[in-house]
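The values are calculated or read from the model by the stated rules, or taken from the named source; none is laboratory data. Just so it is clear, the model here is predicted, and its values are computed rather than measured. When we count neighbours, we look across all protein chains shown, and the Cβ atoms used for this are built from the backbone with ideal geometry, even at glycine.
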Amino acid sequence: MVQTGAAKAEGKQGSKGPSPEKQELVAQRALAAQLEDEILRLEQEISSERSRQEKVDPMVLEARSDLEAERLKWIDRYQYPSGDFQSFQEAVDKSAVDGRVLEIVADATLESEPIVLRQPCRLLGCLVDSRRPVLQCNKLQIKGDKDVDIWITGLEIAGFPMNEEEVTNTREMRTITDKYQQKARDALSPSAKRSRGEDVRCRSAILELNGSVEFHISDCVIHGEGRHGIEAGGKCDMRGSGLELTEGLVVGISVLDESNVFLERAHVQNCRCEGVHVATAGSLRFECGTIGNCEDGFRIFGEQCTSSNIMLGPDATVHDCTRHGIRLNIGASASWAGGKISSCNSGAVHAQTDCMLDGWQEGSPYPESSSKKVK
């Protein structure tokens with residue numbers, strides 16, 4: 001059979017593959033299929049987003065309504081000192097019940113009994129001669145459950161000084177060094193003194209937190225000769241910003257029990273013992289601030305303190321301490337996220353056996369790797 005010229009041409013063309021027109025058509029069909037798949041995927045996402053938004057919108061509306069109600073609740077204000085209140089405790093309680101901010105508009109010296117804040121309240125210091133008003137008191141006790149939130153801002157809180165001779169301690173017990181004279185040692189203990197009717201007192205904090213209260217404090221100064229500054233205990237949740245603790249405190253801030261404390265721009269100076277004392281199973285985050293001229297900058301106690309719940313840095317500065325910048329005892333650990341420790345007479349970091357400071361590189365104030373540890 002003889003092939004015609006047309007058949008030969010067609011066979012020759014077929015051997016070269018599909019024509020450009022056919023290739024473009026195939027490509028367009030593939031692109032159309034991809035676009036259809038993409039359109040279907042986007043339609044499914046839009047449907048899912050609409051369904052999610054239908055659930056979220058009522059929650060957002062409810063949250064905004066609660067926020068507005070809270071704002072309106074605290075928009076009105078009472079003032080102290082004023083003729084409306086006989087005492088600071090009455091002013092605090094009344095402002096809490098009525099949901100009003102209590103403005104401190106002048107210096108005030110409070111009665112010797114502790115002032116107790118146990119309801120949601122807001123204390124606001126108004127400038128007096130371009131400075132914070134001074135609130136001098138024996139103690140502010142803050143207690144309550146997790147529904148109690150308390151805010152204090154713009155105050156200078158001065159605790160009445162404590163007589164060191166009246167504070168219980170074990171110093172006298174240590175004067176008897178013979179281990180066989182246990183009875184003589186025990187007779188000098190604080191409990192034995194109390195049993196004999198002697199007037200001995202425990203050292204108290206100027207600002208004391210208990211329970212599960214939520215506490216916010218900002219732009220405040222706390223000081224008091226021979227006192228502890230802030231003691232956070234129980235399961236409280238405290239956030240502090242712009243704080244100064246100074247002038248003869250024994251311990252600046254104590255973080256105890258299961259309390260959770262977050263501090264930024266906190267400055268602790270001139271404490272006779274440690275600037276920050278930590279023994280909590282909760283958490284401490286000291287993100288930025290300074291501790292200086294104390295015996296120890298940080299003193300961290302106990303196995304409940306770990307590198308996951310005790311975080312120091314990334315901008316923590318400890319300087320000019322008579323002993324150590326950071327001291328870890330009794331199985332405690334912590335994480336160093338960065339900052340500087342300088343001019344501490346007995347060394348930057350002291351860690352007992354089984355204690356460690358994650359992220360600290362010995363010999364340099366700036367850690368290069370969190371895998372390096374001081375043990």
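Here are the numbers:
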item: Scan of region 249-277 for residues that are touching a Leu at 6+ places or on another chain (Cβ under 9 Å) and on the phi > 0 side of the Ramachandran plot, ordered by number; result: 265, 270
item: From 104, 115, residue being in contact with a Gly (Cβ under 8 Å, 6 or more places away or on another chain), touching a residue at least 12 places away in the same chain (Cβ under 8 Å) and assigned by TED's automatic domain parsing to the domain that holds residue 133; result: 104
item: Yes/no for residue 108 being small (Gly, Ala, Ser) and within 29 Å of residue 152 (Cα to Cα); result: yes
item: Hey, residue 223 touching a Phe, Trp or Tyr at 6+ places or on another chain (Cβ under 7 Å) and in the same structural domain as residue 123 (by TED's automatic domain parsing) or not; result: no
item: Answer from 250, 276 - the residue that is touching a Phe, Trp or Tyr at 6+ places or on another chain (Cβ under 6 Å), crowded, with 19+ Cβ neighbours inside 10 Å and either under 29 Å from residue 120 (Cβ atoms) or β-branched (Val, Ile, Thr) (or both); result: 276
item: Residue under evaluation residue 265, criteria (1) surrounded by fewer than 18 Cβ atoms within 10 Å (Cβ to Cβ); (2) over 15 Å from the mean Cα position of the chain (by Cα), criterion not met; result: (2)
item: Test: residue in region 343-351 that is without any contact (Cβ under 8 Å) to a residue 24 or more places away in the chain and among the small types (Gly, Ala, Ser); result: yes
item: Per-region count, region 209-230, residues closer than 19 Å to residue 273 by Cα, modelled with pLDDT under 95 and of a type outside the set (Gly, Ala, Ser); result: 3
item: Residue match in region 73-84 (condition: exposed (fewer than 11 other Cβ atoms within 10 Å of the Cβ), modelled with pLDDT under 90 and of a type in the set (Lys, Arg)); result: no
